[in-house]
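Heads up: the structure comes next, in structure tokens.
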Amino acid sequence: VLNFSCGNKNKPKQTKNNTISKKVEESHSQYESLIEDNSNVLFVVIDPHADGKLAINKFKEFSHNHSINVIALNNVENNLADYDKVITKDISTFKGGKDKIIMLGFSGGARMAYQYAINHNAAGLIMCGAGIGHEIYKPLPFPIVLISGTKDFNFIEQYYSPFSELVNNESILSISFYGEHEWPGVELLSTASKFILIKSGINKNTSFDYTKIMNSFSMYINNNEQFQAFKQLELLSKVFTADSTKQKLSEYTNQSSFHNYINNFEKILNNEQVRNRNLINSLPQKDINWWFKVIDELSNNIASRSSKLQYESYCRSKAYLGVAMYSFVSREINKPKSKNLKKYIKIYEKLEPENEDMLRFKRMMDINGK
């Protein structure tokens, strides 16, 4: 299955945050920044659309409470060929402390953050809405947090089994939330950032609220959201490393009801991957009537909400197909005699009739007489 980042110009969903930091500096057009006195830690935040203001707002309170510096880049976005050099230059012009660099990004920004972290000895990494191969996580030289929405088409990139050895790796944490391909909220980013500060040894005095985590666990249990309940116990076992928390995790994951739940969940995930792969492979072959029927079936499955796990899976497939159509139309529209462009536009319009990029592509076709 192809991996996608949000390559269009539509802004991802965001949550409101009106908190104020100790200091805000906006003297460089290349980035937005927060500077804390006497801090030697710098978070470098990358939005795939180079929207530094959106990203910086999510860190104002955390920056002040934990004495960290933050720059959110306005000059690094998807498809920027020399992003490594641009990021290096941005960091070099930053006037605050920067002995310890922590990289953080969303979607395509997460992929760039990963590459930069690997190449420049970062102290930690947070990837939102995108992931890397599981075989790569284990040997990473820094702690990593993965965050994605349960309806995010890239959710599968970050998923690892509750029975994986990664669950016992205290330098890796994955967090999921009920949402789409979007920036996580302030609280989740705070959780991820605190985890990185602790596991990197930068601030071992940073603490988590044991009771709050257990209350979340109980809430998910009551709602029969067993995967999310597991994630709470995984977090607990990695930030409170006493034998008792590991025992709680072990006892929960050894329950037969949990095994059955995860087996069903992973069956749904596997079917989803097969479905997505078949949809992509069918793009050139199947006619528009077939595609309209398939899209209607996807929409009906979403509307039926037969189960939450199935509902989220169909949401991910529809979103995946929408991002795929952006990619395929972008490629076809530059071909002088594309045989598939009109069909692809119609599929795209059926999927997302209000999508700004789809409408822009339609206007381009009219202008160019395609």
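The values are calculated or read from the model by the stated rules, or taken from the named source; none is laboratory data. Since we're looking at a predicted model, the values are computed, not measured. Because the Cβ atoms are built from the backbone with ideal geometry, glycine has one as well, and the counts that use them run over all protein chains shown. Keep in mind that these areas ignore ligands, DNA and RNA; they rest on the heavy atoms of the full protein, side chains included. Shrake-Rupley method; radii C 1.70, N 1.55, O 1.52, S 1.80 Å.
Annotations for the structure displayed:
- Between ASP37, ASP51, the distinction of being open to solvent by 10 Å² or more (accessible area, probe 1.4 Å) and either within 21 Å of CYS128 (Cα to Cα) or at pLDDT 95 or above (or both) belongs to ASP51 only.
- Qualifying residue in segment 228-244 (condition: open to solvent by 80 Å² or more (accessible area, probe 1.4 Å), polar (S, T, N, Q), modelled with pLDDT of 95 or more and farther than 30 Å from LYS346 by Cα): no
- Of all residues in segment 89-100, at least one satisfies being surrounded by fewer than 18 Cβ atoms within 10 Å (Cβ to Cβ), assigned to a helix (DSSP H, G or I) and hydroxyl-bearing (Ser, Thr, Tyr).
- Among residues of segment 104-121 being outside any strand (DSSP E or B) and aliphatic (A, V, I, L, M), the one that is farthest from HIS49 (Cα to Cα) is ILE118.
- Scanning segment 64-88 for residues that are within 20 Å of ALA110 (Cα to Cα), out of contact with any helix residue (DSSP H, G or I) (no Cβ under 8 Å at 6 or more places or on another chain) and assigned to a helix (DSSP H, G or I) gives LYS85, VAL86, THR88.
- Residue match in segment 262-276 (condition: over 24 Å from GLN158 (Cβ atoms), touching a residue at least 40 places away in the same chain (Cβ under 8 Å) and assigned to a helix (DSSP H, G or I)): no
- Segment 245-280, subset within 21 Å of ASP209 (Cα to Cα) and of a type in the set (Ser, Thr, Tyr), residue surrounded by the fewest Cβ atoms within 10 Å (Cβ to Cβ): SER250
- Verdict on PHE227 being part of a helix (DSSP H, G or I) and either in contact with a Ser or Thr (Cβ under 6 Å, 6 or more places away or on another chain) or of a type outside the set (D, E, K, R) (or both): yes
- Qualifying helices (runs of 4 or more DSSP H) (wholly inside segment 122-224; at least 3 residues being open to solvent by less than 30 Å² (accessible area, probe 1.4 Å)): 155-158, 186-199
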